[in-house]
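Peer 1: Have a look at the structure that comes next, please.
The values are calculated or read from the model by the stated rules, or taken from the named source; none is laboratory data. Please read these numbers as outputs of a predicted model, since none were measured by experiment. Here Cβ is always computed from backbone atoms with ideal geometry, including for glycine, and neighbour counts include all displayed protein chains.
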Amino acid sequence: MIISIIVAMDENGGIGVENRLPWHLPDDLKRFKSLTMGHHLIIGRRTFESIGKPLPGRKLIVLSSNNSLTGLGEIKVAANLNDALSIAASQAETEVFIGGGREVFQTALPLTERIYLTIVHTISDANVFFPPISWSEWEQLAVEDHDIDEKHIFSFTYKILQRKTDKN
């Protein structure tokens, strides 16, 4: 099972402000939906609260020690990342997505093989940032630029990064 992070960040690594995204980029939201559709998506409790509902077509796993989140239909609750990954693996998942927030990204980063990254070309008022990462450990598999248009007040770049493997 491939473990992938999917994240949008500004040029300073900002990913959130007051429990929401600092921007609205419809094409990035469509990409997120397209990539995660049919897969397990692991997110933290605060990220789930910011979304506020199950995401159709995704098998949501919320990381929380709060058992009151049970009974939310298709949503599973896991106490930690290892339990969440076990849930996904037990259901023959081929690629599991880690969708945030910061603490979940930080825990998942050492296990992550792929990053679906959107760089938003702005410096936002974010107060939550992606954890430190050594970008030299990653190779770029794909890149796609998007200009400002009538639906997007910022330009942005999609990247797919794969962890480099030691071939020695």
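Peer 1: If the requirement is being surrounded by fewer than 19 Cβ atoms within 10 Å (Cβ to Cβ), of a type in the set (A, V, I, L, M, F, W, C), modelled with pLDDT of 95 or more and closer than 26 Å to ILE133 by Cα, which of these qualifies: LEU41, LEU29, LEU81?
Peer 2: The match here is LEU29.
Peer 1: Taking the conditions exactly as written (under 29 Å from LYS151 (Cα atoms), touching a strand residue (DSSP E or B) at 6+ places or on another chain (Cβ under 8 Å), in a strand (DSSP E or B) and not β-branched (Val, Ile, Thr)), does LEU60 satisfy them or not?
Peer 2: Yes.
Peer 1: Give the residue that is surrounded by the fewest Cβ atoms within 10 Å (Cβ to Cβ), with candidates limited to residues of region 101-133 that are closer than 18 Å to GLU11 by Cβ and of a type in the set (Gly, Ala, Ser). Talk me through it step by step, then tell me what you get.
Peer 2: Step one: list which residues in region 101-133 are closer than 18 Å to GLU11 by Cβ, which gives 102, 105, 115-133.
Still in the running and of a type in the set (Gly, Ala, Ser): 124, 126.
On the way: SER124: 18, ALA126: 21.
Across region 101-133, the extreme among qualifying residues is SER124.
Peer 1: Can you find, within region 130-153, the residue that is nearest to the chain's Cα centre (by Cα) among those that are in a loop (DSSP other than H, G, I, E, B) and under 25 Å from LEU109 (Cβ atoms)?
Peer 2: Here the answer is PHE130.
Peer 1: A follow-up question, please. Output the residues belonging to region 1-43 that are under 15 Å from PHE154 (Cα atoms) and within 11 Å of the chain's Cα centre (by Cα).
Peer 2: The initial filter retains those residues of region 1-43 that are under 15 Å from PHE154 (Cα atoms), namely 8-12, 14-15, 21-29.
ALA8, MET9, ILE15 - these are the residues of region 1-43 that are under 15 Å from PHE154 (Cα atoms) and within 11 Å of the chain's Cα centre (by Cα).
Peer 1: Here is a follow-up. Kindly check whether there is at least one residue in region 85-97 that is among the aromatic types (Phe, Trp, Tyr) and over 22 Å from GLU49 (Cα atoms).
Peer 2: The answer is no, given that none of the residues of region 85-97 is among the aromatic types (Phe, Trp, Tyr) and over 22 Å from GLU49 (Cα atoms).
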